[in-house]
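Asker: Please read through the structure below; I'll follow up with questions.
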Amino acid sequence: MELNFSGDFGTVDNKKIIIQSESKDRSTDDVIQWIRYLSINTKIEEIFDFLDLQEIKIEIANDKFNFRLNNLDYNYNDSYWYRRGIINIPNTNGFIQESIENNNSKPILDFLNSKSNKIQINKFQDNYLGKLKQLEVCKLIELNFPETLITTNFSDLQKFVELHNLVITKPIENPFSNHIINNKDVCFFTPSQLITNEILNKITTKRFEPSLFQKYIEKKFEIRSFYINGIFKSMAIFSQQNEKTKIDYRDYDRERPNRVVPFNLPTEIENKLTLLMKKLNLNCGSFDLIYTLDNQYVFLEVNPIGQFQWVSRNCNHYIEKLIAKTLINEE
């Protein structure tokens, strides 16, 4: 994949800001504009989409830690923001050679995908943070979340629905997926769906692929909260009155958009969410929560690479500026 550079505006102490993202991610463009505005002499290097590594050089000693990928030089003092994208080491032809290269490449990729810089926002490994790990930690820190079932057995699902009456199903991992169709990059979204007894009666198989189900909780509104290093920027989403967005606000109604307003989470909830992030080894992400009819906050999930532009713009949170100042080391 071709590497795209924003240009060299000069450097301060040879420090760079390295941004790995997708070429179509508008939030990345906004952050870069803020960096250029706030620190015109800072060099920005951008890696977009899929990075095939043709050249690798890693130097580790007591007094230095540097590495070179293709024509890019990195060091520990560089600021690094992993937004999105993939790093790959291509294989040559031949089964045996490919097997050898895979064995050699894996520890290098594991290192690159989990490395930490002095100033860093997220890492590639965060892509693999699943809902199960999140809910396990929520239980430990006593953060409310919907009762959850993962099963392959129809009878288990049937009992779960009988117990809770209303149940939803959602993907175990990321509901968004990208696929190449007719040479075009197409994004699919699988929203949360309601499971009722009527739907159960139409199921004829006794076993199915591992699937996630949760108790459906009535809500007053939903909350999207962006988090970075202990700072929260939150938004309330009044999705409950719209049948299209009632179950999942991400199933957007373009004709009748939900009303959204800036929102402040209680300190107790922010403290628990901060503890959750520390235990998950995350310093940035977007939370989804609901506020129930009995005035309880319920955690749904945190997405390290979730969208935040609409939270920023609708609520004047200036999240892109906050990210830029963090990378420049002004925040």
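Asker: Listed residues 134, 120, 97; which is at pLDDT below 85 and of a type outside the set (Asp, Glu)?
Answerer: Exactly one of 134, 120, 97 is at pLDDT below 85 and of a type outside the set (Asp, Glu), namely 97.
Asker: Scanning region 250-293 for residues that are aromatic (Phe, Trp, Tyr) and over 30 Å from residue 120 (Cβ atoms), which turns out modelled with the highest pLDDT?
Answerer: 291
Asker: Any residue in region 222-245 that is among the hydrophobic types (A, V, I, L, M, F, W, C), modelled with pLDDT under 90 and within 16 Å of the chain's Cα centre (by Cα)?
Answerer: No, region 222-245 has no match at all.
Asker: Follow-up. Those residues that are in contact with a strand residue (DSSP E or B) (Cβ under 8 Å, 6 or more places away or on another chain), under 30 Å from residue 275 (Cα atoms) and in contact (Cβ under 8 Å) with a residue 24 or more places away in the chain, I need them from region 133-159; list them, please.
Answerer: Answer for region 133-159, where residues must be in contact with a strand residue (DSSP E or B) (Cβ under 8 Å, 6 or more places away or on another chain), under 30 Å from residue 275 (Cα atoms) and in contact (Cβ under 8 Å) with a residue 24 or more places away in the chain: 134, 138, 143, 144, 145, 146, 147, 148, 149, 150, 151.
Asker: Tally up the residues in region 215-238 that are surrounded by 21 or more Cβ atoms within 10 Å (Cβ to Cβ) and among the charged types (D, E, K, R), please.
Answerer: Residues flagged as surrounded by 21 or more Cβ atoms within 10 Å (Cβ to Cβ) and among the charged types (D, E, K, R) within region 215-238 amount to 3.
Asker: On to the next question. Return the pair list, or none, for Cβ contacts closer than 6 Å from residues in region 282-300 that are in the same structural domain as residue 270 (by the TED database) and farther than 16 Å from residue 268 by Cβ to residues that are basic (Lys, Arg) and crowded, with 19+ Cβ neighbours inside 10 Å, at least 6 apart or on different chains.
Answerer: 290/219
The values are calculated or read from the model by the stated rules, or taken from the named source; none is laboratory data. Only a predicted model underlies this, so the values are computations on that prediction, with no experimental measurement involved. Here Cβ is always computed from backbone atoms with ideal geometry, including for glycine, and neighbour counts include all displayed protein chains.
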